[in-house]
1. Restricting attention to segment 129-146, and to residues there that are within 20 Å of Ala68 (Cβ to Cβ), in contact with a strand residue (DSSP E or B) (Cβ under 7 Å, 6 or more places away or on another chain) and not hydroxyl-bearing (Ser, Thr, Tyr), which single residue is surrounded by the most Cβ atoms within 10 Å (Cβ to Cβ)?
2. Just the residues that are of a type in the set (Gly, Ala, Ser), modelled with pLDDT under 90 and in a loop (DSSP other than H, G, I, E, B), please, taken from segment 151-186.
3. Phe47 passes all but one of (1) among the hydrophobic types (A, V, I, L, M, F, W, C); (2) in contact with a strand residue (DSSP E or B) (Cβ under 6 Å, 6 or more places away or on another chain); (3) farther than 22 Å from Ile305 by Cβ; which number fails?
4. Do the conditions hold for Ala310, that is, is it of a type outside the set (Asp, Glu), open to solvent by less than 50 Å² (accessible area, probe 1.4 Å) and within 15 Å of the chain's Cα centre (by Cα)?
5. Does any residue of segment 241-253 turn out to be farther than 19 Å from Ala267 by Cα and not aromatic (Phe, Trp, Tyr)?
6. For segment 168-220: of the residues being of a type in the set (D, E, K, R) and open to solvent by less than 40 Å² (accessible area, probe 1.4 Å), which is farthest from Gly242 (Cα to Cα)?
7. Among Asp237, Asp251, which is of a type in the set (Asp, Glu), open to solvent by 20 Å² or more (accessible area, probe 1.4 Å) and in a loop (DSSP other than H, G, I, E, B)?
8. Among strands (runs of 3 or more DSSP E) lying entirely in segment 45-128, which contain 2 or more residues that are open to solvent by 40 Å² or more (accessible area, probe 1.4 Å)?
Amino acid sequence: MQAMRKGSAALFLLLFALGASSCSRKPKRAFPLVQKYTTTAGDLFYFRPRDGQFVLLERRKALAVAVAPEPDIEAYSYDDRITLSQPQGDMLHNTKFIEKIGAQQALALTADGRTLAGGDANGVVTLWEIPSGNLTLHLDVPGPILSLAFSRDGNWLAIGLAKPAGEPADTVWLYEIHANGPHRSFGRAAVPALAWSPDGRWLAAGLDDGSVLLGEAGAGSEPQRIALSTSPITALDFHPSGQFLASAHADKRVLLYKVPTAERVYAFEPALPPNPLFPRVIERVAFDGNGDRLAAAYAEGDFKIWDTSALSQ
């Protein structure tokens, strides 16, 4: 009888401990899909702070698109020209900005909409002043340009390259605009995506091997390599807090993880496998101004918006 009591007491203590352990675990975060719709293949979007909306961009035949949301300026590159859409009254007025130039594979606008950067397949990066169209800076880098991104204050320009043929060369280049020269370079894999943290401290370079290089703009130390996936990265965006990064991949997954610890928070799994007709698969990911929503534009024309308010809890 005494042995049975001891056994019962031990069992009770075990059950109590398991219950306490389960209660102490943090509840699993939920990121439900709140909106989904379909538009023309290749269309993009951006977040507009003044009304808190994700705004559709009709890409049509543009090779690259860049947006400065607050002044509401949109830039589009084609085979031999760049056009701008700028506010005129209550409408956006579309004009030719630069003509008779090579095809710009990547575009970027400063947050204030005063400077436009374009990069081509010959490794030439050009900066123009808006609205005059005056050329303010010409840069040569050792490979085709895949991506461009200005820091929020416009003081830094990050350049992502394809992997150069022949001699190995760095594929991420950081330029300090006012110094008119490269600050540093690193990386050896192709860089389809770039993103700056809101405070300008972190630069994230998304690589075609599925990893991210995370570096501090003003530091001379080597960037941190974060192995996220074996699937190439196609788009990146920082949470407004700067504490999380969203990465889109060629296998149609979107991953959320903490910065700089690289702890994975969540993975948005695709409902359908990738379509070989749309190799970029996910064109863009972006948080809203509060980080409560995350949107993704799929190359075939699907848009999805998830509730990410749990990141702020």
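1. Start the filter on segment 129-146 by keeping residues that are within 20 Å of Ala68 (Cβ to Cβ), which leaves 129-137, 145.
Narrowing further to those that are in contact with a strand residue (DSSP E or B) (Cβ under 7 Å, 6 or more places away or on another chain): 129-130, 133-137, 145.
Imposing the further condition that a residue be not hydroxyl-bearing (Ser, Thr, Tyr) reduces the set to 129-130, 133-135, 137, 145.
Working: Glu129: 13, Ile130: 20, Gly133: 14, Asn134: 9, Leu135: 11, Leu137: 15, Ile145: 27.
The residue in question is Ile145.
2. Within segment 151-186, Ala165, Gly166, Ala169 meet the criteria.
3. Checking Phe47 against (1) among the hydrophobic types (A, V, I, L, M, F, W, C); (2) in contact with a strand residue (DSSP E or B) (Cβ under 6 Å, 6 or more places away or on another chain); (3) farther than 22 Å from Ile305 by Cβ, the one that fails is (3).
4. Working: of a type outside the set (Asp, Glu): yes; open to solvent by less than 50 Å² (accessible area, probe 1.4 Å): yes; within 15 Å of the chain's Cα centre (by Cα): no.
Spelling it out, it is not the case that Ala310 is of a type outside the set (Asp, Glu), open to solvent by less than 50 Å² (accessible area, probe 1.4 Å) and within 15 Å of the chain's Cα centre (by Cα).
5. Within segment 241-253, one or more residues are farther than 19 Å from Ala267 by Cα and not aromatic (Phe, Trp, Tyr).
6. Here the answer is Asp170.
7. Numbers: Asp237 fails: in a loop (DSSP other than H, G, I, E, B).
Being of a type in the set (Asp, Glu), open to solvent by 20 Å² or more (accessible area, probe 1.4 Å) and in a loop (DSSP other than H, G, I, E, B) holds for just one of Asp237, Asp251, which is Asp251.
8. Values: elements: 53-57, 64-68, 73-77, 81-88, 91-99, 104-109, 115-120.
Output list reads 53-57, 81-88, 91-99.
The values are calculated or read from the model by the stated rules, or taken from the named source; none is laboratory data. In this text the structure is predicted, and so the values were computed from the model without any measurement. With ideal geometry, Cβ positions are generated from the backbone for all residues, glycine too; neighbour counts draw on all protein chains shown. Just the protein is used for accessible areas: all its heavy atoms, side chains included, with ligands, DNA and RNA removed. Shrake-Rupley method; radii C 1.70, N 1.55, O 1.52, S 1.80 Å.
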